Amino acid sequence: MSSFKEIVTKAVIGKAKKTTTNSFTMTPDENPNTVLGCWVINNKFSATKSNDGLCVINGSFDVNVWYSYDSDKKTAVATQNFSYTDTLKVPLKENHNLDDASEIIVRTLRQPTVTNVVIDSGVVKLDVEKEMGVEIVGDTKVKVSVEESFDDYEEIVDDDIELNDDYLESEN
């Protein structure tokens with residue numbers, strides 16, 4: 001006969017991901033002719049819970065644009081830091097709530113990447129795409145089946161050993 005016990009533990013109670021594309025502009029010191037390369041580095045972020053139950057991701061990254069100027073005779077690299085804010089509505093499993101005891105774990109599922117870059121009147125316009133994932137960890141209960149007290153040890157009895165009562169006397 002078995003009975004059930006409830007175990008209170010931490011588990012993922014909600015999970016979501018979101019792909020976003022943000023547009024940014026930067027104005028290099030020189031008037032660029034051609035963009036030769038563009039990359040994103042130093043992506044830093046953290047997540048918090050908002051009052052209306054949403055997860056808010058605040059982050060920043062640096063964008064480096066390598067470009068030519070002076071009729072494509074010289075090159076330079078312009079660097080600028082950009083900030084971003086993304087909000088996610090994370091669906092929670094069962095009857096869980098996003099409360100102060102919940103832990104928010106945020107990860108980059110796809111690093112920020114420049115998907116489009118255009119030069120317009122000396123201004124570099126960029127589109128940066130990234131994918132972020134959020135997991136909500138909270139308390140939950142798990143029911144487990146418990147067997148009645150059951151001793152699963154095998155008892156070993158040494159019945160096959162014959163004892164010699166005269167052993168001590170025969171050794172002397």
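The values are calculated or read from the model by the stated rules, or taken from the named source; none is laboratory data. Since this is a predicted model, take the numbers as computed values, not measurements. Cβ placement follows ideal geometry from the backbone for every residue including glycine, while neighbour counts extend to all protein chains displayed.
Checked against (1) among the polar types (S, T, N, Q); (2) over 16 Å from the mean Cα position of the chain (by Cα); (3) surrounded by 11 or more Cβ atoms within 10 Å (Cβ to Cβ), residue 43 meets all criteria but (2).
Take residue 127 and tell me if it is among the acidic types (Asp, Glu) and assigned to a loop (DSSP other than H, G, I, E, B). Quick ask: steps written out before the conclusion?
Numbers: among the acidic types (Asp, Glu): yes; assigned to a loop (DSSP other than H, G, I, E, B): no.
Judged against the criteria, residue 127 is not a match.
Can you name the residue in region 122-157 that is of a type in the set (D, E, K, R) and within 20 Å of the chain's Cα centre (by Cα) and is also farthest from residue 88 (Cα to Cα) among such residues? Filtering region 122-157 for residues that are of a type in the set (D, E, K, R) and within 20 Å of the chain's Cα centre (by Cα), the one farthest from residue 88 (Cα to Cα) comes out as 139. Each residue in region 46-66 was checked for being under 18 Å from the mean Cα position of the chain (by Cα) and among the aliphatic types (A, V, I, L, M), and 4 pass.
Could you say whether any residue in region 70-77 is buried (at least 17 other Cβ atoms within 10 Å of the Cβ) and either at pLDDT 95 or above or more than 27 Å from residue 34 (Cβ to Cβ) (or both)? Within region 70-77, not a single residue is buried (at least 17 other Cβ atoms within 10 Å of the Cβ) and either at pLDDT 95 or above or more than 27 Å from residue 34 (Cβ to Cβ) (or both).
Let's see how each residue does on (1) in a loop (DSSP other than H, G, I, E, B); (2) at pLDDT 85 or above; (3) touching a strand residue (DSSP E or B) at 6+ places or on another chain (Cβ under 6 Å); (4) hydrophobic (A, V, I, L, M, F, W, C):
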{"site": "66", "(1), (2), (3), (4)": "no, yes, yes, yes"}
{"site": "82", "(1), (2), (3), (4)": "no, yes, yes, yes"}
{"site": "87", "(1), (2), (3), (4)": "no, yes, yes, no"}
{"site": "90", "(1), (2), (3), (4)": "yes, yes, yes, yes"}
{"site": "104", "(1), (2), (3), (4)": "no, yes, yes, yes"}
{"site": "110", "(1), (2), (3), (4)": "no, yes, yes, no"}
{"site": "135", "(1), (2), (3), (4)": "no, yes, yes, no"}
{"site": "151", "(1), (2), (3), (4)": "yes, no, no, no"}
{"site": "159", "(1), (2), (3), (4)": "yes, no, no, no"}
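Filtering region 8-57 to residues that are out of contact with any Asp or Glu (no Cβ under 8 Å at 6 or more places or on another chain), more than 30 Å from residue 69 (Cα to Cα), free of Cβ contacts under 8 Å to residues at least 40 places away in the same chain and part of a strand (DSSP E or B) leaves only 44.
Can you pull out every residue in region 18-31 that is β-branched (Val, Ile, Thr) and surrounded by fewer than 15 Cβ atoms within 10 Å (Cβ to Cβ)? Of everything in region 18-31, those that are β-branched (Val, Ile, Thr) and surrounded by fewer than 15 Cβ atoms within 10 Å (Cβ to Cβ) turn out to be 19, 21, 25, 27. Residues that are acidic (Asp, Glu) and more than 30 Å from residue 138 (Cβ to Cβ) within region 1-38 comprise 29, 30, listed in sequence order.
Residues checked against (1) acidic (Asp, Glu); (2) exposed (fewer than 13 other Cβ atoms within 10 Å of the Cβ):
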| site | (1), (2) |
| --- | --- |
| 16 | no, no |
| 33 | no, no |
| 52 | yes, yes |
| 88 | no, no |
| 118 | no, yes |
